[in-house]
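Trainee: What follows is a single structure, and I will ask about it in a moment.
The values are calculated or read from the model by the stated rules, or taken from the named source; none is laboratory data. Keep in mind that this is a model prediction, so the values were computed, not measured. Cβ placement follows ideal geometry from the backbone for every residue including glycine, while neighbour counts extend to all protein chains displayed.
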Amino acid sequence: MKVSLILHLAMLFMIGAAALQAEDSRWGQLQASGDALFSEGRYEEAQKAFEAALREVEKLSAADIKRLQTMNALGMAFQQQGLLDQADALYTQVLGLSKKLPEEGLEARVLNNLAHLRTTQGRFVEAEALYLHALGIQKRLSGERHPVVALTLDNLAMLQVRLGRYAEAEKNLLQALDVSQKAQGAEHPQTLTKMNNLAYLYSRLGRYQDSERLYKKVLAVRERTLGPENPAVSITLNNLGDVFRLQGRLAEPLYRRALRIIEKAMGPENPRIASVLNNLAIITRTKGRLTEAEDFYLRAIAVIEKSFGAQPASLGMPLINLAELYTELQRYAEAERLYRRALTILEAGLGPDHVEIALGLLSMAEGYRAQRRYDEAEPLFQRAIAMTEKTLSPDHPQVARTLTAYAALLRKTKRKSEAEKLEQRARTIASNRRHETAATALTVDYGDWRDSILREQSK
């Protein structure tokens, strides 16, 4: 299943801040306001509230806990808007200053946020090291069975899912879920988030019955405790829709209900709506309703642009999805413009080597191959393979998919022996990844590489 569209949603990596001090102070009011706006996906407004809160405590010591809490929260607001450099600078500054505090809990929370940022940047080795560092601190301070340990295990597991290390991910998710259930209760929001993420893993493994069972359990609790129109319900509906879609079952009603809930609760231009629109575009495209699919893609792109500007990295993959549709419609010039814009945005926001860029190169190469522009397609396939191997691993399923696509071009150009070598390597990878499913399709997969705005993680 794809994250993609998967909206495992909910408020990204929002970690529980230490209890606000002086809640009746101006700082406390602004901080609480920023937290509330952040939880609603109103990140620019949250940023302004946190900046105002920071001004209230600017005369305090640089290492004052309130100041550092606000700086960390401001970094989160920047990250959610795609302002990765600003977020990076704040997290790094807070991390250095937090070491001066006697209480190490803040350091672990910032390590979690910085790890999430490194994941977004495609710096997976660094991200894993940061999660493990945070985990070590939390276990030492709170013991093995504390909810904060479960939070970090959950985040680490979702990174491992991205990297195709499913056995490790399942072990950590099961442990995180067990800790949350026993420490916080079976219906606690954090327990439901971990159940959601385990369901996502099972969908990627093709264990659709297990995935559906867990999603339906989460949905029932959320509908009963929060009400059927709560935005959290839309998250689960969207994820359950993915499970149905991947099995060829009727998913569209689930996506449409999710869309209605978000529109009603948060407005038609809230950024959380973009992922659901993308899912609807995918399913309508699959059914041959291409004009409708185009409308959904365009609306999703417009929402992202209005919320985050014309150049956020989160815009890259939706542009590529639309370019694929235009290629299918033989609107090649429009498709090429979108591909070039998407790759420029991704390279500017994520650096020269990132798995999303590799996915974009692969998609563009397949578009060229469809037009028989083989000389232009081949170097893109080669770059995509090299970049995927570098950013993921040589035996990752996405490498196999890219090898297979390149082999098809080689066969078109009468290079059978070269194609057979690539196909054999792809089969070897696949044989070691027998549980991989159709969820690795490019269009439905982009969320695996960039967290959806609605992606659910422990807060």
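Trainee: Based on this model, can you work out whether S39 counts as farther than 28 Å from P268 by Cα, of a type in the set (S, T, N, Q), outside the structural domain of Q398 (by TED's automatic domain parsing) and at pLDDT 75 or above?
Mentor: Spelling it out, it is not the case that S39 is farther than 28 Å from P268 by Cα, of a type in the set (S, T, N, Q), outside the structural domain of Q398 (by TED's automatic domain parsing) and at pLDDT 75 or above.
Trainee: I'd like to check something: does region 99-108 contain any residue that is without any contact (Cβ under 8 Å) to a residue 24 or more places away in the chain, of a type outside the set (A, V, I, L, M, F, W, C) and out of contact with any Asp or Glu (no Cβ under 9 Å at 6 or more places or on another chain)?
Mentor: Yes, because at least one residue in region 99-108 is without any contact (Cβ under 8 Å) to a residue 24 or more places away in the chain, of a type outside the set (A, V, I, L, M, F, W, C) and out of contact with any Asp or Glu (no Cβ under 9 Å at 6 or more places or on another chain).
Trainee: Could you figure out which of (1) surrounded by fewer than 24 Cβ atoms within 10 Å (Cβ to Cβ); (2) at pLDDT below 95; (3) more than 28 Å from E334 (Cβ to Cβ) isn't true of R455?
Mentor: Among (1) surrounded by fewer than 24 Cβ atoms within 10 Å (Cβ to Cβ); (2) at pLDDT below 95; (3) more than 28 Å from E334 (Cβ to Cβ), R455 violates only (1).
Trainee: If you check every pair at least six apart or on different chains, which have Cβ atoms under 7 Å apart with a residue in region 255-267 that is over 16 Å from N239 (Cβ atoms) first and a residue that is modelled with pLDDT under 95 and surrounded by 18 or more Cβ atoms within 10 Å (Cβ to Cβ) second?
Mentor: Listed pairs, sorted by first residue: E263/I273; A265/P231; M266/G41; M266/P231; M266/R272.
Trainee: For region 203-214, how many residues are surrounded by fewer than 24 Cβ atoms within 10 Å (Cβ to Cβ), of a type outside the set (G, A, S) and under 22 Å from E168 (Cβ atoms)?
Mentor: 4
Trainee: Is it true that L95 is touching a helix residue (DSSP H, G or I) at 6+ places or on another chain (Cβ under 6 Å) and either of a type in the set (V, I, T) or surrounded by fewer than 21 Cβ atoms within 10 Å (Cβ to Cβ) (or both)?
Mentor: yes
Yes/no per residue for (1) within 24 Å of L325 (Cβ to Cβ); (2) among the hydroxyl-bearing types (S, T, Y):
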residue	(1), (2)
R373	yes, no
R383	yes, no
K390	no, no
Y406	yes, yes
L410	no, no
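Trainee: Kindly check whether there is at least one residue in region 81-102 that is among the aromatic types (F, W, Y), under 18 Å from the mean Cα position of the chain (by Cα) and not assigned by TED's automatic domain parsing to the domain that holds R401.
Mentor: no
Trainee: From the set of residues in region 255-301 that are farther than 21 Å from F244 by Cα and among the polar types (S, T, N, Q), which is surrounded by the fewest Cβ atoms within 10 Å (Cβ to Cβ)?
Mentor: T291
Trainee: Let me ask you something else. Looking only at helices (runs of 4 or more DSSP H) that lie completely in region 308-380, which have at least 3 residues being of a type outside the set (D, E, K, R), in contact with a Gly (Cβ under 7 Å, 6 or more places away or on another chain) and crowded, with 21+ Cβ neighbours inside 10 Å?
Mentor: 316-328, 332-350
Trainee: Filter region 228-282 for residues that are assigned to a helix (DSSP H, G or I), small (G, A, S) and under 28 Å from A323 (Cβ atoms) and give the result.
Mentor: S234, G241, A258, A274, S275, A281
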